[in-house]
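Data block below; observations after.
The values are calculated or read from the model by the stated rules, or taken from the named source; none is laboratory data. What you are looking at is a predicted structure, and each value in this text was computed from that prediction instead of being measured. FYI the Cβ positions are ideal-geometry reconstructions off the backbone, even for glycines, and counts take in every protein chain you see. Calculation scope for accessible area: heavy atoms of the full protein, side chains included, ligands and nucleic acids excluded. Shrake-Rupley method; radii C 1.70, N 1.55, O 1.52, S 1.80 Å.
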Amino acid sequence: MPEARESVSRRLLQRLRETLAQESAGQERLDRITDLIARSLGTDVCSIYLFRDSETLELCATHGLKPEAVHKTRMRLGEGLVGRVGRDGRIINTADAPSHPGFRYMPETGEESFSSFLGVPVQRLGETLGVLVVQTKTPRQFTDDEVYAIEVVAMVLAEMAELGAFIGEGAALGALHQRPVMFRGVSAQEGTAEGHVWLHEPRVVVTNPIADDPEQEKARLGEAIERLRVSVDEMLDSAPTGDKEQLQVLETYRMFANSRGWIRRIEEAIEGGLSAEAAVEKEQTAARSRMMQVPDPYLRERLHDLDDLSNRLLRILTGQGNHTGAEMPADPVLVARNIGPGELLDYGRNLRGIVLEEGSVGSHAAIVARALAIPLVINAGPITTEALNGDPILVDGDEGIVHLRPDDNIAAAFRDKMAMQAEAQKRYASIRGKPTITRDGVRIKLTMNAGLMADLPSLESSGADGVGLFRTELQFLLRNTVPRRGELAALYARVMDAAKGKPVVFRTLDVGSDKVLPYMKPQDEPNPAMGWRAIRVGLDKPGVLRMQLQALIRGAAGRPLHVMFPFIAQFEEFKAARGQLERALERESRLNHPLPKEIHVGAMLETPSIAFAPRQFFEMADFISIGGNDLKQFFFAADRENERVRRRYDTLNVSFLNFLEGIIGRCAETGTPLSFCGEDAGRPVEALCFAAMGLRHLSMRPASIGPVKHMLMQHDLSDLRKVIDEARQSGAQSVRPAVMNWLQHQASGF
Ligand code: PEP
Ligand code: MG
């Protein structure tokens with residue numbers, strides 16, 4: 001670092017610190033800072049502009065412009081040189097401002113007589129809070145050292161603003177983290193929630209941005225980096241070898257933690273007069289600005305990793321862990337960039353809602369949120385930089401919309417919606433104990449989908465006829481090693497106990513595709529959804545399947561047992577899987593363990609191929625369940641995980657209904673009980689159409705049972721079937737418009 005640069009910024013920061021140490025607050029403080037900068041750099045003007053709202057910058061303090069203009073002069077984002085710095089987050093340094101493109105003359109400030117202009121964004125963690133400007137009458141090109149000094153001061157300013165130092169007296173910054181913001185994300189679990197923000201990883205607060213002794217700060221940095229390296233190495237040692245992605249992230253951490261360039265840039269900022277933590281944050285802010293401009297998703301991910309690493313380093317330096325002492329609100333809505341399923345389970349049902357910046361509908365966290373019936377919105381913009389602990393927040397999981405710090409009108413409309421939903425819940429509660437019988441007297445069995453012990457209480461509260469799909473993979477996904485047979489047997493026994501005699505259909509392990517076990521060797525398949533997954537893994541490496549079947553038999557302990565094999569694509573696979581079960585029964589019998597009183601062995605129909613299997617398959621299966629989530633993705637060749645295409649094809653598309661009719665017909669020929677357990681079964685209109693097509697058993701999330709039951713009890717299936725058949729013959733692409741039209745007429749009493 002050149003001596004000059006070090007001394008300009010250090011001198012300035014030293015004086016700034018003395019100024020800040022004096023008794024002053026709000027406006028007076030801002031005024032003193034502008035005076036100090038102008039005097040120290042010998043400029044005619046120094047001004048601070050802060051964002052009044054996301055589009056408007058306001059002159060909040062000045063040395064050199066007309067004092068009357070303070071809190072009056074405003075400019076829109078991109079307007080004039082100040083507006084450009086605010087918009088682009090980039091420095092403008094010119095000796096001849098009036099001839100610079102974008103210059104805007106502001107007579108109210110008396111600006112015409114100034115020639116040179118240096119504008120630096122006031123940024124914190126990639127977010128621009130305002131603009132710091134110096135100007136001179138005589139043309140002057142500010143040197144790199146002066147620019148650096150102003151940058152460092154801008155960073156200290158941003159820190160102070162964050163601490164609320166300027167809140168009050170009309171200063172704009174206070175408004176920044178108070179204004180309402182809406183985020184449009186993607187719905188991953190329906191439902192609505194009102195509550196207060198609880199940040200999974202609260203931001204580190206830097207309280208001492210300026211330091212006197214660079215050597216001491218560098219020593220602190222060195223120690224912290226050493227601790228960081230050790231912790232990354234430990235994480236690498238204990239990371240499951242199967243999780244390629246996690247290993248890759250940790251390797252990137254290690255690379256950054258040893259990067260000379262990264263450390264040198266932080267040390268330079270320390271020599272400029274910042275404390276070690278402020279210097280780390282300065283570099284983090286610069287990295288975030290770079291990140292926002294990188295179009296390549298892979299590089300962006302790596303920069304995200306660097307961001308995480310900086311946070312870890314900041315936590316070490318400040319001693320602030322995840323627990324900042326803040327108290328969790330009584331109605332917490334979890335806000336995070338992303339979260340693992342285990343961490344989410346730790347929070348449990350306490351959460352009112354969850355909002356993630358990243359995530360995918362099929363992620364493990366989404367599966368857990370669904371199991372716990374907590375409204376979840378994913379891909380919700382940069383909410384972690386905007387939200388503060390305790391902020392009021394509304395989560396609309398139906399629409400994928402989040403309102404942070406909502407204004408009164410939005411909150412009132414939202415509460416109306418919640419009240420209507422509560423009203424509907426009451427209606428559903430009143431029919432809970434009744435059987436589901438349609439207007440024309442058809443009995444429909446409604447069961448629930450589950451995957452955790454925690455789901456079982458819903459059996460009673462929803463009035464479900466049993467568990468139509470128990471996804472057993474969650475117990476495997478949530479831990480670092482294969483669960484033991486004894487543990488599983490005990491869990492399955494508890495599930496059956498909790499079901500109190502109602503049937504529970506256990507689906508054997510469905511891993512692969514999006515569900516990767518931490519301890520499973522990654523397969524690196526080009527298309528995992530069509531790869532080595534579910535029963536394919538179970539049959540090729542039968543150890544785990546055998547163990548699971550034994551655990552199920554032991555868990556049943558003489559009670560009836562329902563086992564279902566996932567992703568059966570051809571008859572042979574079902575025969576082989578059934579064979580495994582029979583051998584397990586023989587083994588248990590030899591060991592004198594009690595055998596289940598009855599055993600029902602089913603197959604999931606998730607690929608079109610099995611719908612055309614030989615008749616003997618339908619005869620051999622004790623029951624069949626349509627896994628509509630997978631079946632639809634293969635039927636339409638539209639990835640269920642791909643936001644671009646996953647909603648493209650309607651379930652009520654005529655082709656799909658024709659296909660369903662074929663499956664229903666084949667099961668009817670052999671008398672094989674058939675159910676539908678994909679997400680669509682829980683959507684009232686779809687469920688009604690499935691029933692009209694001939695399905696008599698639907699399995700869904702517990703929260704859907706009430707609305708589906710209500711819908712079914714209101715309508716006549718044979719009338720609807722006529723409407724559907726007419727639409728199928730009309731050449732329409734989907735029967736939905738005709739069905740919706742019919743439903744509307746029904747509701748209005750025609
Ligand atoms: C399905 O595919 O419809 C299904 C129920 O299984 P999963 O969603 O667990 O793949
Ligand atoms: Mg499936």
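Take the stretch 94-105 and flag every residue that is over 10 Å from Q135 (Cα atoms) and either among the polar types (S, T, N, Q) or at pLDDT below 75 (or both). Please lay out each step first, then the result.
Within the stretch 94-105, the first condition is being over 10 Å from Q135 (Cα atoms), and the residues that meet it are 96, 98-105.
Within the stretch 94-105, just S99 meets the criteria.
Only one residue in V368, V355 is out of contact with any Leu (no Cβ under 6 Å at 6 or more places or on another chain) and either modelled with pLDDT of 90 or more or not assigned by TED's automatic domain parsing to the domain that holds E223 (or both), so which one is that? Reasoning before the result, please.
Numbers: V368 fails: out of contact with any Leu (no Cβ under 6 Å at 6 or more places or on another chain).
Exactly one residue qualifies, and that residue is V355.
Is at least one residue of the stretch 480-492 of a type in the set (D, E) and within 16 Å of ligand 2 (Cβ to nearest atom)? Let's see the steps before the verdict.
To start, the set of residues in the stretch 480-492 that are of a type in the set (D, E) comprises 487.
Next cut, within 16 Å of ligand 2 (Cβ to nearest atom) only: none.
No, because not a single residue in the stretch 480-492 is of a type in the set (D, E) and within 16 Å of ligand 2 (Cβ to nearest atom).
Could you check, for the stretch 92-102, whether at least one of its residues is closer than 19 Å to L13 by Cβ and of a type in the set (A, V, I, L, M, F, W, C)?
Within the stretch 92-102 (the criterion being closer than 19 Å to L13 by Cβ and of a type in the set (A, V, I, L, M, F, W, C)), the answer is no, since none of the residues qualifies.
Across the stretch 591-628, what is the number of residues that are β-branched (V, I, T) and away from ligand 2 (no atom under 16 Å from the Cβ)?
Start the filter on the stretch 591-628 by keeping residues that are β-branched (V, I, T), which leaves 599, 601, 607, 610, 624, 626.
Then drop every residue that is not away from ligand 2 (no atom under 16 Å from the Cβ), which leaves 599, 601.
The total comes to 2.
For a quick check of your reading of the model, give me the residue pairs whose first member lies in the stretch 726-750 and is in a loop (DSSP other than H, G, I, E, B), whose second is β-branched (V, I, T), with beta-carbon atoms closer than 7 Å and at least 6 apart or on different chains.
A732/V654; Q733/V654; V735/V654; V735/I724
Against the definition (within 16 Å of ligand 1 (Cβ to nearest atom) and touching a Lys or Arg at 6+ places or on another chain (Cβ under 6 Å)), how does M564 come out, yes or no? Quick ask: steps written out before the conclusion?
On the way: within 16 Å of ligand 1 (Cβ to nearest atom): yes; touching a Lys or Arg at 6+ places or on another chain (Cβ under 6 Å): yes.
Criteria met by M564.
Considering E643, E573, which residue is among the acidic types (D, E) and under 26 Å from the mean Cα position of the chain (by Cα)?
Working: E573 fails: under 26 Å from the mean Cα position of the chain (by Cα).
That would be E643, the only listed residue that is among the acidic types (D, E) and under 26 Å from the mean Cα position of the chain (by Cα).
Return the only residue of L631, L657 being more than 16 Å from ligand 2 (Cβ to nearest atom), open to solvent by less than 10 Å² (accessible area, probe 1.4 Å), assigned by TED's automatic domain parsing to the domain that holds V723 and not acidic (D, E). Working first, answer last.
Working: L631 fails: more than 16 Å from ligand 2 (Cβ to nearest atom).
Being more than 16 Å from ligand 2 (Cβ to nearest atom), open to solvent by less than 10 Å² (accessible area, probe 1.4 Å), assigned by TED's automatic domain parsing to the domain that holds V723 and not acidic (D, E) holds for just one of L631, L657, which is L657.
Among what's in the stretch 634-654 and is surrounded by 15 or more Cβ atoms within 10 Å (Cβ to Cβ) and of a type in the set (A, V, I, L, M), pick the residue that is farthest from ligand 1 (Cβ to nearest atom).
Among those residues, the one meeting the criterion is V654.
Taking the stated definitions as given, is D465 without any contact (Cβ under 8 Å) to a residue 40 or more places away in the chain, over 18 Å from P566 (Cα atoms) and either within 16 Å of ligand 1 (Cβ to nearest atom) or in contact with a strand residue (DSSP E or B) (Cβ under 9 Å, 6 or more places away or on another chain) (or both)?
Numbers: without any contact (Cβ under 8 Å) to a residue 40 or more places away in the chain: yes; over 18 Å from P566 (Cα atoms): yes; either within 16 Å of ligand 1 (Cβ to nearest atom) or in contact with a strand residue (DSSP E or B) (Cβ under 9 Å, 6 or more places away or on another chain) (or both): yes.
Considered against the rule, which asks whether it is without any contact (Cβ under 8 Å) to a residue 40 or more places away in the chain, over 18 Å from P566 (Cα atoms) and either within 16 Å of ligand 1 (Cβ to nearest atom) or in contact with a strand residue (DSSP E or B) (Cβ under 9 Å, 6 or more places away or on another chain) (or both), D465 comes out as yes.
Can we say I599 is β-branched (V, I, T), open to solvent by less than 40 Å² (accessible area, probe 1.4 Å) and closer than 25 Å to S699 by Cα? Before the answer, list the steps.
Working: β-branched (V, I, T): yes; open to solvent by less than 40 Å² (accessible area, probe 1.4 Å): no; closer than 25 Å to S699 by Cα: yes.
It is false that I599 is β-branched (V, I, T), open to solvent by less than 40 Å² (accessible area, probe 1.4 Å) and closer than 25 Å to S699 by Cα.
Out of the residues in the stretch 50-92 that are in contact with a Leu (Cβ under 6 Å, 6 or more places away or on another chain) and in a loop (DSSP other than H, G, I, E, B), which is surrounded by the fewest Cβ atoms within 10 Å (Cβ to Cβ)?
Residue satisfying both the conditions and the ranking: E55.
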